[in-house]
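Step one of this worksheet: look at the structure below.
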Amino acid sequence: MPEPIKIEEVKERVILVGVSEQDGDDAEDSVAELAELVKTAGAVTVGTLIQKRELIHPGTYVGTGKVQEIADMIAELGATGIVCDDELSPAQLKNLEQMLDTKVMDRTLIILDIFAARATTSEGKIQVELAQLKYRLSRLTGLGRSMSRLGGGIGTRGPGEKKLEMDRRLIKDRIAQLNRELKEVRKHREITRAQREKKQIPVAAIVGYTNAGKSTLLNHLTGAGVLEEDKLFATLDPTTRVLELPGRQEILLTDTVGFIRKLPHHLIEAFKSTLEEAKYADYIVHVVDASNPQRDKQMHIVYDTLYQLDIREKTVITLFNKQDQVTDEEPIRDFKADYTLAVSAKKGTGLEELKELFCTLLRDNKILVERTISYQEAGILQQIRKSGELLEEEYRPEGIFIRAYVTPEIYGSL
């Protein structure tokens, strides 16, 4: 009996290319992060090249001398393509492809590819496809290789340039359709948000750099069952779960997509409806990987992205996560946060303190009352349990004695 044929997926072998524009910039760290992105996308890094230049070359990204060096590296290392650490212009992409005769990719393309693989909900898929199409539309160039009139054989005859116009029109039509679908999703989100506001349940949005431990935190606090992986962008679609606090209080926790250096503009635009969960939240829970040497830079990127989304003047709780992996004793600070806690979402340490902090914050907006209500008014107890905190209740002959933190609305009815 013949042995079954094993079909192995051939991994792409890529060379990473970056440009350092000034001394002391984070080009090396950015390229190291690009290596993680490439690994997550399923390729293997076989070489790295970083050029020091005053400015990125407008035509070839790196200097022409370095292009030849890259060509030699491709031949020597058997690479199947290169990945540049910045978003390439259509001209840079075309020139590098022609000069190197290999597959040329950029950081944006890799991130979009990872997002496409990780999107599971219909909303996530719409947002990723929208970002991909906008990226491709700006890179449609006339008389490219796929529609060249030069050469002979099958596939070279026909309309040529008309195909480009056809592609452009089809992409624009598809973008318009996806925008309509996204508008419907946005309406649905607004209805859900309005229902939450009606129930007066406070919301905390979990934000942070990718792979900081946001999903692990949500799982440990609420048992959400969200995928946890030590990978960049392990989870993409937002998840909202109820966290029960002491005193029968409740708060909604919403996980959001992770941030990263040079997050593509198309993605920020496409994912605005998802990231708006943070915009309308009462509290921001900023998760930081305390074991990462780049934590300060990552915190800056998170805040910068929040400002781009016009998310300001929120109560920020910063959690210095992964305390079980911290090796240095250097103190970590976040001067932009209102509260900071040292936690380990995986081990569960520090999470009780987080719950206590939530309780304290929720009490700040409530009024402490001590009074006896008649048995005819007993229905108000349910309202207090739902949107307040009932500390004590005692049934007496003259009525029900309560001691509770209540919302201004309930206080008015009392």
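Would you mention how many residues in segment 84-107 are part of a strand (DSSP E or B) and in contact with a helix residue (DSSP H, G or I) (Cβ under 6 Å, 6 or more places away or on another chain)?
Count: 1.
Please verify whether A35 is assigned by TED's automatic domain parsing to the domain that holds V83 and modelled with pLDDT under 90, treating the condition exactly as stated.
Spelling it out, it is not the case that A35 is assigned by TED's automatic domain parsing to the domain that holds V83 and modelled with pLDDT under 90.
Return only the number of the condition from (1) in a loop (DSSP other than H, G, I, E, B); (2) more than 17 Å from L34 (Cβ to Cβ) that A79 does not satisfy.
(2)
Got a number for residues in segment 244-260 being of a type in the set (D, E, K, R), touching a helix residue (DSSP H, G or I) at 6+ places or on another chain (Cβ under 6 Å) and surrounded by fewer than 21 Cβ atoms within 10 Å (Cβ to Cβ)?
1
Looking at segment 268-324 only, could you name the residues that are over 16 Å from L351 (Cα atoms), touching a helix residue (DSSP H, G or I) at 6+ places or on another chain (Cβ under 9 Å) and among the small types (G, A, S)?
Of everything in segment 268-324, those that are over 16 Å from L351 (Cα atoms), touching a helix residue (DSSP H, G or I) at 6+ places or on another chain (Cβ under 9 Å) and among the small types (G, A, S) turn out to be A270, S273, A278, S291.
So which residues in segment 370-390 are part of a strand (DSSP E or B) and either in the same structural domain as D282 (by TED's automatic domain parsing) or at pLDDT below 80 (or both)?
If the condition is that a residue be part of a strand (DSSP E or B) and either in the same structural domain as D282 (by TED's automatic domain parsing) or at pLDDT below 80 (or both), then E389, L390 are the ones that fit.
Can you find a residue that is in contact with a Ser or Thr (Cβ under 6 Å, 6 or more places away or on another chain) and either surrounded by 13 or more Cβ atoms within 10 Å (Cβ to Cβ) or outside the structural domain of L221 (by TED's automatic domain parsing) (or both) anywhere in segment 352-365?
no
For segment 366-379, which positions are surrounded by 16 or more Cβ atoms within 10 Å (Cβ to Cβ) and hydrophobic (A, V, I, L, M, F, W, C)?
V369, I373 - these are the residues of segment 366-379 that are surrounded by 16 or more Cβ atoms within 10 Å (Cβ to Cβ) and hydrophobic (A, V, I, L, M, F, W, C).
Could you please let me know if T340 is farther than 25 Å from P408 by Cα and assigned to a helix (DSSP H, G or I)?
no
The values are calculated or read from the model by the stated rules, or taken from the named source; none is laboratory data. Predicted model only: the values in this text are computed from it and were never measured. Every residue, glycine among them, receives a Cβ derived from its backbone with ideal geometry; neighbour counts consider all protein chains shown.
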